[in-house]
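Q: Next up is a structure, given as structure tokens.
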Amino acid sequence: MLEDLAIKNFALIDEVSLDFSDGFTVFSGETGAGKSILIGAMTFLLGGKGGLEVIRAGSHEASVSGTIRIANECKAAYEWLDEHGIEPENERVLLRRVIKDTGKTSAWIQGTPVTKNDLADFTSFLVDIHGQHEHQSLMYPASHRVFLDSYAGLNEQVAAFSELYSQLVEKRNLLKEINTSGAEWEQKMDMLQFAVEEITQAALHPGEDEELDAEEKRLAQYEKLFSDVDEVDSILSGGENIVSVLKKARSTVSHAAGIDSSLEKLSERLENAFYELSDISEELKSYKNSLVFDPVRLDEVQERSALIFRLKKKYAASQASPVADVIKYCEDAQNELDKMQSSRIDSGTLSEEIKVLERSVLAEASKISAARNEKALKFSADVMAVLSNLGMSNTVFKVNVAKKPGDTDVQRCGPYGFDDIEFLISANPGSPLKPLAKIASGGELSRVMLALKTVLSASDTTETLVFDEIDTGIGGEIAVAVGHHLRNLSQNHQILCITHLASIAVCADNQIKIEKIVSDGNTSTNVHYIEGNERVSEIARMLSGDAVSEASLLHASSLLEENQRLRKSLGN
């Protein structure tokens, strides 16, 4: 659940901080006030697009941050965090994203830097935004399978199947390698064996190349190094040197400080400088005495460096790569060699294992396909029933389950089974069924998602749903039905919704007003919660455009009271 949102210098928003509760929250305001800017800021925070145009005029950067509480049921989000080494705190994570006027963007989860794609991957488990902005999961047929499998209760079964299928693919690839020509197989094994032996014999250790470079530099430029150190040593400790002069100065200033206490701090600083330079002088002298020109060692270092250079050229991405890359190549080569050697011996056993796995995979895929086909009909009917109440009574919705292309079931099978699943829709009588992604209206797309989320509300773990343009092209009884559906959906989800319609707004637990303010020639967007008389006035404005007439206010007040009673009956 999105608990709070802080926006700074984003489009027309100067600075806004909002705390969100669970249940149903609507955003309202005059056209052009900036409601979509607020959704745009959320989208930006969740990994959506955001260019220089989102930075408020006169600012150098725009930033959005927010806290998300992760429900225990959302295991995928916790697994993602664990894989990326990020620890939630009290089931919460802090998200932050910034874009600078240089075009550079940065993002963090719990203070850990992440990419935009990482942010989008993680938040996709937690928040879904529908309407004219990004995060429209309905646009991607790959998500349709997820919806159907969730409805059919197949998630765990499909996950187990994917693991089984992965094992089959791995063993098939291994057998394919084994069945290449004997000459190619032996040649590859010889190559790997040679690489392992050559690198192992070199006995490399990480960072060795850098150590050798530093040592070679010292040895090759011994005379210059000794000359420089000797010169500094003479300055510090030879003849009338700096240290002895500083010692006299320290004594004299100390005596003067005994006469005038204002010199005590200078005396302390001079004494510190004396001790520091004395220490430097001793260390430098010790370093000079340790310098030894060793031409034999220089030859050894240069020879060792040349060996490492050759190994990098053969086994690393480039000569600039670290020694660790060569060591890693050796480890990978040894692992592959071990696998090839054992597989060569057990190729017959491997073939039998593949046959057993194929039978298991095909049997499980058949069970999953049968369950999908059975549930697809009921899922389609349930969605159409909701769409009918949402003003799309002539809409035909179909979950199309089709076999993947291929001549045999073995060829058709993929990591999720035999089936290609896609939602088809016909929004007008007589129109053919078309892929859902072809729908042009954001309002229609949002209502389809609302219908799906209503049907799936018992099993869906995406806790926060954001609807933009949910009321496009609707009104009257249909708008009332949309409001009721959103309110019912908020029993299991946090609902955030932009609306122009009072009949939807009155169904909400909370209402946030967004208004444009012009001051001293500057335009900004103000965002704040409204309640009591202010909310009555806003509902009245949404009803008739009149926020002050007695009739409008009475109508608004009665609608709010009626919906308050309905919310209480639902347990809110």
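The values are calculated or read from the model by the stated rules, or taken from the named source; none is laboratory data. The structure presented is a predicted model; accordingly, all values stated were derived computationally and were not measured. Here Cβ is always computed from backbone atoms with ideal geometry, including for glycine, and neighbour counts include all displayed protein chains. Just the protein is used for accessible areas: all its heavy atoms, side chains included, with ligands, DNA and RNA removed. Shrake-Rupley method; radii C 1.70, N 1.55, O 1.52, S 1.80 Å.
Q: Asp382 fails exactly one of the following numbered conditions: (1) more than 30 Å from Lys453 (Cβ to Cβ); (2) modelled with pLDDT of 90 or more. What is the number of that condition?
A: (1)
Q: Val64 is checked against (1) in a loop (DSSP other than H, G, I, E, B); (2) surrounded by 13 or more Cβ atoms within 10 Å (Cβ to Cβ) and fails just one. What number does that condition carry?
A: So the condition that Val64 fails would be (1).
Q: Just name the residue that is surrounded by the most Cβ atoms within 10 Å (Cβ to Cβ) out of those in the stretch 452-466 that are at pLDDT 85 or above and within 24 Å of the chain's Cα centre (by Cα).
A: Val466
Q: Filter the stretch 212-243 down to the residues that are of a type outside the set (Ser, Thr, Tyr) and modelled with pLDDT under 80, then identify the one that is farthest from Ala306 (Cα to Cα).
A: Here the answer is Glu240.
Q: Restricting to the stretch 495-541, give me the number of residues that are in contact (Cβ under 8 Å) with a residue 40 or more places away in the chain, surrounded by 21 or more Cβ atoms within 10 Å (Cβ to Cβ), within 16 Å of Arg567 (Cβ to Cβ) and touching a strand residue (DSSP E or B) at 6+ places or on another chain (Cβ under 7 Å).
A: 7
Q: Any chance the stretch 273-283 includes a residue that's closer than 14 Å to Val232 by Cβ and aromatic (Phe, Trp, Tyr)?
A: Taking every residue of the stretch 273-283 in turn, none turns out to be closer than 14 Å to Val232 by Cβ and aromatic (Phe, Trp, Tyr).
Q: Shifting gears a bit: Of everything in the stretch 147-203, what is under 30 Å from Val323 (Cβ atoms) and small (Gly, Ala, Ser)? Give them in sequence order.
A: Within the stretch 147-203, Ala195, Ala202, Ala203 meet the criteria.
To keep it simple, each residue is scored yes or no on (1) of a type outside the set (A, V, I, L, M); (2) under 21 Å from the mean Cα position of the chain (by Cα); (3) part of a strand (DSSP E or B).
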residue: Ile68; (1), (2), (3): no, yes, yes
residue: Asn72; (1), (2), (3): yes, yes, no
residue: Ile86; (1), (2), (3): no, yes, no
residue: Asp128; (1), (2), (3): yes, yes, yes
residue: Tyr151; (1), (2), (3): yes, no, no
residue: Val169; (1), (2), (3): no, no, no
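Q: Sort out which residues of the stretch 379-426 are crowded, with 19+ Cβ neighbours inside 10 Å, among the aliphatic types (A, V, I, L, M) and outside any helix (DSSP H, G or I), and write them in order of number.
A: Leu390, Met392, Val399, Val401, Ile421, Ile425
Q: Only residues that are touching an Asp or Glu at 6+ places or on another chain (Cβ under 7 Å), under 19 Å from Ala62 (Cβ atoms) and either open to solvent by 50 Å² or more (accessible area, probe 1.4 Å) or assigned to a loop (DSSP other than H, G, I, E, B) (or both): list them for the stretch 1-13, please.
A: Matches in the stretch 1-13: Lys8 only.
Q: I want to confirm something. Restricting to the stretch 14-28 and keeping residues that are crowded, with 23+ Cβ neighbours inside 10 Å and touching a Lys or Arg at 6+ places or on another chain (Cβ under 7 Å), which single residue is nearest to Glu91 (Cα to Cα)?
A: Phe24
Q: Further question: Being surrounded by 13 or more Cβ atoms within 10 Å (Cβ to Cβ) and either touching a residue at least 60 places away in the same chain (Cβ under 8 Å) or over 30 Å from Thr454 (Cα atoms) (or both) is the filter here, so list the residues in the stretch 348-366 that pass it.
A: The answer is Leu350, Ser351, Glu353, Ile354, Leu357, Glu358, Ser360, Val361, Leu362, Glu364, Ala365.
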